[in-house]
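One structure is given here, and the rest of the page talks about it.
The numbers here are math on the coordinates, done by the rules we state, and not lab data. Fair warning: this is a prediction, and the values are worked out from it, not measured in the lab. Note that we place each Cβ from the backbone using ideal geometry, even for glycine, and neighbour counts take in every protein chain shown.
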Amino acid sequence: MSEPDLVTVIIPAFNAARTIDETLRSVRSQTHRRLEILVVDDGSVDATAQIVRSHAAEDRRIRLIQQPHSGVAAARNRAIAEATSDYVAPIDADDLWRPDKIEKQLARLHRDGETVALVYTWSAVIDENSRIVAAVPGPTHTGNVVGKIFGGNFPGNGSTVLMRKAAVIEAGGYDPSLRARSAQGVEDWQLYFRIAAYHEFSVVPEYLTGYRKTATGMSADLLQMLRSRDLLAEEMCNRYPDYMAEIKDARLYRGQKSIFYSRSRNSSARVLATNAADRAEPGSADPTRRAPVSCRSAGESALSATGPDAWSGALTAKRGLLRQRRRS
């Protein structure tokens, strides 16, 4: 009987003392036991490293890597560079996994063959106290998903995926330059888009990931998120110029959703709503519906907006122009 596949779990952690213990316990509880667990302490000033060391003393699969604060992309890339397996499974230091997540993803990966480089799962949204606040059935996109990923990060977040390490390296890993450009927030989506250009995806349509979404998380920084989506849309347009209209439409749709939900006064409702917006798709790319539209029209970019009100106005105006183009 052959030995089970080794999977490298990569955990970027920055000041994660409040949640890293629970995250590590969920990883250590995986039914697939052959794991290499790499925690990259990204310059934490709290007790993150101490908590990780206490787990490592009990579980030799865990290794702590420490580095100056460089951002989540650089931390993940550091772990990928030190991974000794052929498969990598990232999880953020505040998210959780069901015990059978890795086992089911590996089974799906082997079932679907070598053309598949990424297997994702559905996510349940959890709050600060690890209570499930939303569990909406996710997408089931498989195979060639380029036309689907224009519309949004349908794998959901950075903790749902199991990837072939070779495909991640081929795609260039996570982009650390987004942090320098004050545009963090789409590192996952960008990597998935780059992998989708050359490989197929598969899915385990079960809630195997607990995604912690709070009003103070990175995804709650509206202007940074809009800026990051703008940069990714530009990259998509450059690679697939025939689909500029579809990419642009999706970008405007999601930006408008983000602005609307960010104004909610009820934090719980906002968490529920923004999770739905993150997975929402305005439509699949249709090669018969093309228009010579620039991805960065004057006055429309999030980078040029003076605030949510200005951007909201630009969104409304430009969506009207898109509808007119489709009618013509």
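Mind checking which aspartates and glutamates have their Cα closer than 17 Å to the Cα of Lys213? Skip sequence neighbours fewer than 8 apart in that chain.
Glu22, Asp92, Asp94, Asp95, Asp127, Glu128, Glu187, Asp188, Asp221, Asp278
Between Glu3 and Val146, how many nm apart are label points set 7 Å from Cα along the C-beta direction?
With each label placed 7 Å out from Cα toward Cβ, I get 3.8 nm.
Let's test the formula: R0 of 45 Å, r as the Cβ-Cβ distance of Glu170 and His69. What FRET efficiency results, to the nearest 0.05?
0.95
If R₀ is 30 angstrom, what is the calculated FRET efficiency for the pair Asn15 and Ala135, using the beta carbon separation as r and rounding to 0.05?
The computed FRET efficiency comes out at 0.60.
Find the all-direction average of the projected area of the Cα convex hull for the stretch 19-67, expressing the result in square nanometres with one decimal place.
It is 3.2 nm².
For Lys165, go through the aspartates and glutamates and keep the ones whose alpha-carbon is under 12 Å away, minus same-chain ones fewer than eight residues off.
Cross-link targets: Glu82, Asp86.
What ranking do 24-37, 90-103 get when scored by the average of other Cβ atoms within 10 Å per residue, highest first?
90-103, 24-37
Could you calculate the FRET efficiency of Tyr198 with Gln50 from 1/(1 + (r/R0)^6), where r is the beta carbon distance between them and R0 is 45 Å, rounded to 0.05?
0.65
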